[in-house]
Each structure stands twice: as C-alpha cells, then as structure tokens.
1. Quick check on my filter: what residues within the range B:153-180 are within 14 Å of chain A (Cβ to nearest Cβ) and touching a helix residue (DSSP H, G or I) at 6+ places or on another chain (Cβ under 6 Å)?
2. Kindly establish whether residue A:168 is more than 25 Å from the chain's Cα centre (by Cα), on the phi > 0 side of the Ramachandran plot and without any contact (Cβ under 8 Å) to a residue 24 or more places away in the chain.
3. Would you mind finding the one in A:321, A:382, A:374, A:402 that is away from every other protein chain (no Cβ under 14 Å) and either more than 23 Å from the chain's Cα centre (by Cα) or part of a loop (DSSP other than H, G, I, E, B) (or both)?
4. Within the range A:66-95, restricting attention to residues that are part of a loop (DSSP other than H, G, I, E, B) and more than 14 Å from chain B (Cβ to nearest Cβ), which residue is nearest to residue A:381 (Cα to Cα)?
5. Right, residue B:264: under 30 Å from residue B:134 (Cβ atoms), in contact with a helix residue (DSSP H, G or I) (Cβ under 8 Å, 6 or more places away or on another chain) and at pLDDT 90 or above or not?
6. So residue A:206 fits all but one of (1) farther than 23 Å from residue A:275 by Cβ; (2) crowded, with 18+ Cβ neighbours inside 10 Å; (3) assigned by TED's automatic domain parsing to the domain that holds residue A:426; what number is the exception?
7. Would you check which residues across the range A:117-169 are within 13 Å of residue A:349 (Cβ to Cβ), in contact with a strand residue (DSSP E or B) (Cβ under 9 Å, 6 or more places away or on another chain) and surrounded by fewer than 17 Cβ atoms within 10 Å (Cβ to Cβ) and list them?
8. Could you list, in sequence order, all residues of the range B:139-152 that are crowded, with 16+ Cβ neighbours inside 10 Å and touching a helix residue (DSSP H, G or I) at 6+ places or on another chain (Cβ under 6 Å)?
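The values are calculated or read from the model by the stated rules, or taken from the named source; none is laboratory data. This is a predicted model, so every value here is computed, not measured. Neighbour counts run over all protein chains shown; Cβ positions are idealised from the backbone, glycine included.
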C-alpha cells in the first residue's frame, strides 16, 4: 500500500516535470508558418481562400490575431530578442514605416522572394512607396489600397444643398474654405440641427496627408504650413459650432451615424464596411441612415490605415512565406473573389480596372464607389509618411484640441507641441 | 550522537517552502531591477541591442525635462487627492463597524458592498467612467443639463482639475473598501477591556476613538499609508486607460511617462530606466521619512517613562 502510494507520487512528479519541459521541445514534426495580424482579414484570407486553393500544404499555417492597440508592444520585443518572431506579419499604415527601417524585414527583391517586379508594375504607386525603406528597398506588399473620401448623407444634401449627386456635392466640399462655408449653410438652414461633421478630429488625417514636407527632415522637426491651416480650420469649425463636439471613434461619434445630426464623415475605403454599415442603424432600431449615403472625394486626397504584409528576415520558411504573400498580393483569381465578396478596394491596378465597373453599392444609394476610389487612388502620395507619424500626430492632436477649444494661444500650443516631440524623440532637433 | 540521528530534522524543509518565492524574486524581481539600474546609465533605445555608458547624463536630462517634472507633480497631487478622503472614510467606517455601542446590523453586506469596486478590473472602471462623463452626450452631462444645473454640456475631460478629480475619485472609490477592511481587522485586535474600562469611566465615543483606537492602530495606519504611497506613485492603469494623459498632460503619471518612453515613439529605454530609478529612490526616501515620523514618537516617550 505504502509502496504504491510512493510510486504514484513519483509518477505524478515525473509527469509534472516532463510537462514543464515539454514546452521546450518540438511539439510535432509538421512545420508551421506563423502569421501575425491585427484584424481578422488575413485570418479570413488564409482560412477561406488560401487553404481552399492549396488543400495539400505540407505545413500548417497558424494565424494569430493580436488587437491593434497591443500589436506593436507584442511585435517590438520579438524583433529585438529574435525569439518567437512570426514568419509573415501584417503592418498597418500608421506604423508600417517604423518597422521598414528596423533591419528585421526581408527585402522582397532578394533571392528567394523576388516579388518586386510584378508588384511595382501592377500596384498603385503609393502602396509600393509605403513599403520602401530609407535605402529604397521594398520590404512589404499589400492587397488593398485605402484611399480616403468624404461620405455624406444623401437626404440631408438634397434638403439643404439642393443636390445629392456626388459630383454636385463635391463642389460644396472641394476645399476647406468652401467646406466651412457649406458647414455654416447647413447649420443655419437646419437651425443648428445638422452639423457638417460630427467631430473635427475627422480632419486630422486629411491635413496630415496634404503636407508637403515630412515631420522630420535631416533630423530636424519641420512644422508644415498645413498644420497651421489645420489649427485654423478646426478652430473655425469649433467657434462657429459646426460640429457635434464628439471625438473620433467615441460613442457619440458612432451614434451620429444613425441620426440626422451629422452630414458626413471622412473615412477611407474600409470605413464603409467596418464603420458606417455596422453603425447606420440605431441599437433600438428607431432611426436608420441605411442606403442614404453617398461618397465623394472631399477637399484633398488622403489614405488611412491599410494592411501590408512583410516577411521576417531571419525566417526559415521564406519560400512558404513568399507563396502566401504572392498569393494575397498578386493572385488575380483570389483578388477578384475577395473584392467581390467583401467590397474591399484592391491595390492591384490591373484587377481594379477589370472589375471596377461591376460594383453597385445599395448602402450608397446604388453608387459605384469602386470607380470613385479607382479615379483617386493614383493621386495619393505616401512619400512624406514616416515611422514616427503615429506618435507625432498624437502629440499634435492634443495641442490642436487645446487651441480649437480656446484653452491656449497658438504660439503656446506650438511650443508645447515642440516640447512634447523633444520629450518623445530626444535625438531630433527641435527649434 | 545516536539520539540526534534518530530524531527527524525538519528544519531544512522550511527553506524548500520559501525557495519558490526567492527563485521567482531573483529572476523576475532582482534581476530586472539591477538591469534597469544598469540601463539607466546607458543610451539603449529603439532597435539597438548594444549600448554605451553615458554616466549621469540621463538623470540630469530628466530633471531638465518639464514633462517629467509635471508627471511627478501630477502623480503626487492625484495621490493626495485620493488618499486623504480614502483613509478618512475608511477610518470612520471601520470605527462605526467596530463600535460596540452602535452594534450595526447587516455588517457583512456593507463590507462586501464597500469592497466590491475593488474587484472590477481597471479597464472596465475606466470605460465606465469615460462613458459616464463623456462629452457631450454622457449621462452625467445629460443629467446636469436636464436638471438645469448646466446650460450646456460641460467637457469634463478638457478640464485639468475635473480630470484629475475624476481619476482621484476612481482610485478613492476602488480602494477605500480594502483599506476599511484592514482597519477593521486592526481595530478588532484592540483588547475590548480597554474600551470597557473607558466606557465605565464615562468616556465619549469621540474620546475613545482619539485616545484608544487611533493610537493603537497606528502601525496599521503606517502600513496603509506606505502601501498606498507605493501604489499611488505607480498609478498607471486608470489614468492611462481613461485619458492617456490628456488634457494637456495633467493626468500623466510617472508610470505613464515611463511606459510612453519605453514602449511608444522612439523606444527610449534609457530614459524610461532612469525615470524608474528616480521613482524607486523617491519611494524609498518617502517610505523612510514616513517610517521615521511614525516610529520616533512612541520610542521617545517610552524612553522618557524609563
């Protein structure tokens, strides 16, 4: 009795210690291609398209979806330690540049990958420029382009502007001084009920994209004239009470989509399916703005977000990684069915030209949004985008809000912005 | 000789039982601390893996950085705004619960209710308060406007004092219950005969509280003060999730400053490490001061009696 008890204890201890070390050994013989991403898009593509087209892959593909707000904090340590790094990983427009120059991303023109030729030929220039490092080497590719536009409410446009046609409304929002004038017109005619935008924070990305100089030139902070224009425009919108004073991505901002109090939103391509459609109907079903939308270019071309794919430089599955990246970015069959199934706007010019006539979006009152995006995607310039944009933009927005709300004078706001940049990037010269 | 070997010696087993703590502490506590000290004298940042030693430069820079000094100020102002009402309310509630004259009914349910906010995760609490005070459509704003207290919705999160107060209130609301429980335990540890004799002598509730309860729970108050101080200086989750430092860096705490330096922007690990070392030294210094302040007095009195 005593012996059996002792034996069973020993076995238990053995099992436990073995299970601790089991994690260190190889779990199974089948190789794994590890993919990290921050939305479910890549996961869907791998599971619903790639695996179906390639049923006999000799390896597993493991897709890990990490929420976007944690993504960089997860990615940074695996890069700096080199342990547990994924083979293929997605990068978002806001921070892609930060990783491009990190030295951890494989060149797509190098041996074994060799994707550059077809990508450069077939894709919109800006999506390729985004993924070029300071040395000009291409280190990432994408399947989607995300040009931005101005989505507006047809019924409100008809009622207060006398036209609901995208080309007609474009004349009312063609630049920012006209935009403010239109905002005043809406405000006056609706007795303050209809505001041209829900939040002035919608405008940041448009102005950031319209800059002609990047934030950092020769290690020095450059404040583009567009920033001054941004501050004045937001202040004008605030002082003339032309917004609902919400904040982008806040509850009130989403709520305005189902009511009649906001005329329009600055959103990119994916804003249609990920932002407007899910929020067009009020939770209790009392009001809805479904099928009452339309989209037009707005005051300036811009892009926002977007998912690029890169390959880890030290990955030992580069061939498999290449196959996946090539499929997602250049396989015409896949791209066509992806566009058809999701309405997502593609970065492959060739395919876009072939399919752009086929779209008719009920949600946009039957408008062909694909054609509009196709006509502007070529105008986007990504040459001023840098890896620090996300952080610097965040630091500036605090000061823009403070100035627009009248908390600070402009000089003070700019000084505080410079101080914040100096604090976050001590290596840059700030004057 | 024989008797010793026949007797089983259990002494060394004690070491086995405490070993896990020390192993974990050495690996995850002490090592990281020493490493942080090391990094605070270097220039490690971004993707680099090599670094050079730069002496005390990082510390000099820190004290010339207005945003760091501001985060210091914010941390202590928010901590004081939360700690003073928190400990006051905790003492009052604890005294009421333990007062033999009051004999409050339903004590269990009250204790649970007061402790409840502490169980909710910081993430949920900050979302809750963010929605409550949201501008312009949050419930608090709607309520104030509907009752005619405000003409139009007020943007609480653009007001420095209001934002700090909301953060301080959340900290207070989450932690007074836990402090109260510790103080109740401390008060219950006081010998009832002291209270009884005081009551027989005709002492009032207030007198009993100030002359018996308060002096005897002093060590526990000290414990509360120091743990709250350490927790307060490391305040991170609520202000970070609620406001991320806005408005105008008025809710940016030291821990947030450290986080932002290390994990956002240019990944300035060296600045973050130096700031952590400063924080560490300040906590040690303040704890030492509080310790001295609380302990010297009774010591001296005892000596005087001798």
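1. Result: B:153, B:156, B:157, B:162, B:163.
2. On the way: more than 25 Å from the chain's Cα centre (by Cα): yes; on the phi > 0 side of the Ramachandran plot: no; without any contact (Cβ under 8 Å) to a residue 24 or more places away in the chain: yes.
The answer is no for residue A:168.
3. Values: A:321 fails: either more than 23 Å from the chain's Cα centre (by Cα) or part of a loop (DSSP other than H, G, I, E, B) (or both); A:374 fails: either more than 23 Å from the chain's Cα centre (by Cα) or part of a loop (DSSP other than H, G, I, E, B) (or both); A:402 fails: away from every other protein chain (no Cβ under 14 Å).
Answer to the selection: A:382.
4. At the first step, the residues of the range A:66-95 found to be part of a loop (DSSP other than H, G, I, E, B) are A:66-67, A:82-87, A:93-95.
Restricting the remaining residues to those that are more than 14 Å from chain B (Cβ to nearest Cβ) gives A:66, A:84, A:86-87, A:93.
Details: A:66: 29, A:84: 35, A:86: 30, A:87: 29, A:93: 13 Å.
Applying the filter and picking the extreme gives A:93.
5. On the way: under 30 Å from residue B:134 (Cβ atoms): yes; in contact with a helix residue (DSSP H, G or I) (Cβ under 8 Å, 6 or more places away or on another chain): yes; at pLDDT 90 or above: no.
No; evaluated as a whole, the condition is false for this residue.
6. With (1) farther than 23 Å from residue A:275 by Cβ; (2) crowded, with 18+ Cβ neighbours inside 10 Å; (3) assigned by TED's automatic domain parsing to the domain that holds residue A:426 applied to residue A:206, the lone miss is (1).
7. Answer for the range A:117-169, where residues must be within 13 Å of residue A:349 (Cβ to Cβ), in contact with a strand residue (DSSP E or B) (Cβ under 9 Å, 6 or more places away or on another chain) and surrounded by fewer than 17 Cβ atoms within 10 Å (Cβ to Cβ): just A:120.
8. Filtering the range B:139-152 down to residues crowded, with 16+ Cβ neighbours inside 10 Å leaves B:140-141, B:144.
Residue satisfying the conditions is B:140 alone.
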